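The values are calculated or read from the model by the stated rules, or taken from the named source; none is laboratory data. Bear in mind that the values here come from a model prediction, so they are computed numbers and not experimental data. Neighbour counts are summed over all protein chains in view; Cβ atoms, including those assigned to glycine, are modelled from backbone coordinates with ideal geometry.
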Amino acid sequence: MSDFRADLHCHSTCSDGSRTPKELVELAVDIGLKGLSITDHDSVAAYATALPRAAELGLPMISGVEFSTHHKGTDVHLLAYSFPTGHEQITALCARHKQRRQGRSRQILSLLAKRGIDLSQDKELADAIEYGPAVGRPHIAAALIRRGIVKTTEAAFQQFLGDGRCCFVSTNQISTEETIAVIHAAGGLAVLAHPQLVKDTRVLYEIFTMPLDGIEAYYARFGFERSKEWLELAAKKDWLVTGGSDYHGAAKPQIPLGASWVAEDTFRVLQKHYLSHA
Ligand code: AMP
Ligand code: FE
Ligand code: FE
Ligand code: ZN
């Protein structure tokens, strides 16, 4: 059996992961992965340092990003692959997200302040909001832990930040359809991330009618049983079947890099598409 495994879903410090892009590449090589895509939330900043390190170590990479989108009130994550990382439409969409994320973080901070929790002196959080490519709720959760308000990220979501909780701010700005159009305009492939996490089934079925190129059927948090439905759908639609761990590092220690992956045939299709822009 071939030992080719490529993890197509992981996060670096450019969004809410705990390893730098270089460290992620090094870890991938250490554990014997033969291919990698870093899919930060709404940012491709990782590629500036990941690509040179991957070239040094001989690790094949394809571009990737996980866009936060919205369809009829439901959050939908879309993975984009194999686009040129400097494409102006991708750059513009990431810039919109950066602004949205900054604004949302500040709104969450004022909701917390109204409850007597003032995080304005947390330098690490302030820097993430000001300079981070994709600040998110996990950064605020980390600040709440530093202040001793909660003990775990999970508790921070449970008490304050999770959907519908007291300091939740919705992100309903950029639609799934618009995001697919941008990915295609940039020459990339649009893949529905972790379909299991789309909360509204009717929304999920509407998304299945959109012009997707693939579906993430292999996802570490769910067993193989849950993949079957997506594999059948992908066969019917002639979609790519992708997979990845959704590794975040220390933030989600229960999921190691490489916990979910694709085999060589899938990686080669994506790599060929990626290299066609070069
Ligand atoms: P945001 O992108 O700011 O909406 O934050 C969403 C991110 O927070 C997800 O990508 C996860 O990494 C993380 N997250 C969401 N829910 C939880 C939770 N209940 N516990 C820990 N992390 C979570
Ligand atoms: Fe995340
Ligand atoms: Fe996601
Ligand atoms: Zn992810």
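Is it the case that residue 92 is aliphatic (A, V, I, L, M), part of a helix (DSSP H, G or I) and exposed (fewer than 13 other Cβ atoms within 10 Å of the Cβ)?
Answer is yes for this residue.
Pairs, please: C-beta under 9 Å, at least 6 apart or cross-chain, first residue within 11 Å of ligand 1 (Cβ to nearest atom) and in segment 244-273, second of a type in the set (Phe, Trp, Tyr)?
From segment 244-273, the pairs are 246/219; 255/247.
Restricting attention to segment 225-278, and to residues there that are charged (D, E, K, R) and under 22 Å from residue 14 (Cα atoms), which single residue is modelled with the highest pLDDT?
Among residues in segment 225-278 that are charged (D, E, K, R) and under 22 Å from residue 14 (Cα atoms), the one modelled with the highest pLDDT is 246.
I'd like the full set of residues that are away from ligand 4 (no atom under 16 Å from the Cβ) and within 17 Å of the chain's Cα centre (by Cα), limited to segment 100-127.
Listed by number, the list holds a single entry, 100.
For segment 244-265, give me each residue that is buried (at least 20 other Cβ atoms within 10 Å of the Cβ) and of a type in the set (Val, Ile, Thr).
Scanning segment 244-265 gives a single hit, 262.
The rows are residues; the columns are (1) more than 14 Å from ligand 3 (Cβ to nearest atom); (2) crowded, with 20+ Cβ neighbours inside 10 Å.
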| position | (1), (2) |
| --- | --- |
| 2 | yes, no |
| 16 | no, yes |
| 28 | yes, yes |
| 39 | no, yes |
| 43 | no, yes |
| 49 | yes, no |
| 61 | yes, yes |
| 66 | no, yes |
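Of the numbered conditions (1) in contact with a strand residue (DSSP E or B) (Cβ under 7 Å, 6 or more places away or on another chain); (2) farther than 29 Å from residue 141 by Cβ, residue 177 fails exactly one; give the number of that condition.
(1)
Would you check which residues across segment 95-134 are aliphatic (A, V, I, L, M) and part of a helix (DSSP H, G or I) and list them?
Residues satisfying the conditions are 95, 108, 109, 111, 112, 113, 125, 126, 128, 129.
Take residue 194 and tell me if it is in contact (Cβ under 8 Å) with a residue 60 or more places away in the chain and either within 10 Å of ligand 1 (Cβ to nearest atom) or within 30 Å of residue 217 (Cβ to Cβ) (or both).
Yes: the conditions hold for residue 194.
Using beta carbons and a limit of 7 Å, which pairs, at least six apart or on different chains, have the first residue in segment 219-239 and under 18 Å from residue 198 (Cα atoms) and the second one part of a helix (DSSP H, G or I)?
Pairs that qualify, where the first residue is under 18 Å from residue 198 (Cα atoms) and the partner is part of a helix (DSSP H, G or I), are 219/196; 222/196; 226/196; 230/195.
For segment 1-12, give me each residue that is more than 14 Å from ligand 4 (Cβ to nearest atom) and at pLDDT 95 or above.
Matches in segment 1-12: 4, 5, 6.
Go through segment 92-112 and count every residue that is touching a helix residue (DSSP H, G or I) at 6+ places or on another chain (Cβ under 9 Å), of a type in the set (D, E, K, R) and within 12 Å of ligand 1 (Cβ to nearest atom).
Summing the residues that are touching a helix residue (DSSP H, G or I) at 6+ places or on another chain (Cβ under 9 Å), of a type in the set (D, E, K, R) and within 12 Å of ligand 1 (Cβ to nearest atom) in segment 92-112 gives 2.
Would you pick out the residues in segment 169-224 that are within 16 Å of ligand 2 (Cβ to nearest atom), within 29 Å of residue 84 (Cβ to Cβ) and either over 16 Å from the mean Cα position of the chain (by Cα) or in a helix (DSSP H, G or I) (or both)?
The one that is within 16 Å of ligand 2 (Cβ to nearest atom), within 29 Å of residue 84 (Cβ to Cβ) and either over 16 Å from the mean Cα position of the chain (by Cα) or in a helix (DSSP H, G or I) (or both): 197.
Could you list, in sequence order, all residues of segment 144-168 that are surrounded by fewer than 22 Cβ atoms within 10 Å (Cβ to Cβ) and in a helix (DSSP H, G or I)?
Passing the criteria: 145, 146, 153, 154, 155, 157, 158, 159.
Conditions tested, residue by residue: (1) of a type in the set (Asp, Glu); (2) without any contact (Cβ under 8 Å) to a residue 12 or more places away in the chain.
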| position | (1), (2) |
| --- | --- |
| 104 | no, no |
| 134 | no, no |
| 151 | no, yes |
| 154 | yes, yes |
| 157 | no, no |
| 164 | no, yes |
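Go through 2, 15, 43 for me and flag whichever is of a type in the set (Gly, Ala, Ser), more than 28 Å from residue 178 (Cβ to Cβ) and outside any helix (DSSP H, G or I).
2
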